[in-house]
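Remarks on the structure that follows.
Derivation of every value follows stated rules applied to the coordinates shown; laboratory data play no part. Every value quoted in this text rests on a predicted model; they were computed, and no experiment measured them. We place every Cβ from the backbone using ideal geometry, glycine too, and count neighbours over all the protein chains shown.
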């Protein structure tokens with residue numbers, strides 16, 4: 001019975017019409033969202049008419065509490081959440097008209113749980129650039145502060161278990177970042193890429209994010225405001241809507257939601273450093 005049910009599902013899947021092949025290449029330009037609305041279910045709207053601008057070569061951050069819609073925006077930009085309304089343009093092209101392979105070449109996404117494959121460090125890195133020479137692999141490992149550790153192991157032949165289970169969380173994230181650096185796309189989206197890892201790994205990753213931001217379009221999604229202070233623009237989201245935006249200095253002067261979050265986080269991070277709350 002179970003076999004018949006599985007067969008029925010497979011045949012239904014095979015009978016689905018093929019998606020129309022999109023031919024438009026992804027431009028290298030500004031990314032602009034206008035009146036962006038998205039729902040996972042018909043009666044549950046997640047994004048409510050969001051306006052965002054990510055100029056080419058800029059460093060932009062999106063911050064807010066968990067569940068406010070930050071990662072939903074990232075999924076829309078990556079072409080995963082397709083049923084949006086409003087406009088999402090990259091250069092002069094609407095996102096839903098862009099060829100997906102071209103979009104993937106132009107945008108690199110690094111999440112808080114980047115997937116590592118069972119195999120070797122070399123295998124995992126070459127997912128970012130299949131024809132990379134070993135010298136290129138070592139160069140990016142140096143940048144993410146993993147080279148010294150791997151030289152004490154089996155170098156590029158060091159085994160990686162499924163999901164990187166034999167590496168620490170910070171090492172997994174740094175290896176995923178090295179792979180992303182090899183991909184060398186025009187746009188990088190970091191979605192809580194430094195959450196739940198050790199302080200040293202967080203510092204290594206943030207250093208590379210700032211370095212990338214000098215030449216690439218970087219979008220940083222974070223709940224930790226200390227990581228977004230150098231952004232050209234910061235968007236604050238609440239319940240699926242943008243409520244404030246500006247530079248760090250402008251937002252602190254506005255004395256609104258961002259300022260309140262900043263003061264709370266700074267108090268927590270400084271608590272106990274001098275024997276008392278800051």
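Can I get the semi-axes of segment 119-174's equivalent ellipsoid? Compute them from the C-alpha gyration tensor as square roots of 5 times the eigenvalues, in angstrom, largest first. Each semi-axis is the square root of five times an eigenvalue, giving 16, 13, 11 Å.
In the chain, the alpha-carbon atoms span a convex hull of 188 Å³ per residue. Here the label points at residue 239 and residue 22, each 7 Å from Cα along the C-beta direction, are separated by 3.2 nm in the simple model.
For segment 73-170, the share of alpha carbon pairs falling in successive 10 Å distance bins from zero is 13, 37, 25, 19, 6, 0 percent. Once the Cβ-Cβ distance of residue 82 and residue 196 is raised to the sixth power relative to R0 = 25 Å, the FRET efficiency obtained is 0.30. The length gained on full extension between residue 223 and residue 10, counted as 0.36 nm times the residue separation minus their Cα-Cα distance, comes to 72.6 nm. For the chain, calculate the relative contact order in percent as a whole number, restricting contacts to Cα pairs under 8 Å that are 6 or more residues apart. Relative CO of the chain lands at 23 percent. For the residues 255, 28, 198, a GNM of the chain with alpha-carbon springs under 10 Å puts the largest fluctuation on 255.
Percent of C-alpha pairs per 10 Å bin in segment 142-278, short distances first: 10, 34, 31, 18, 6, 0. Taking 0.36 nm per residue of separation and subtracting the current Cα-Cα distance, fully stretching the chain between residue 247 and residue 161 would add 26.8 nm.
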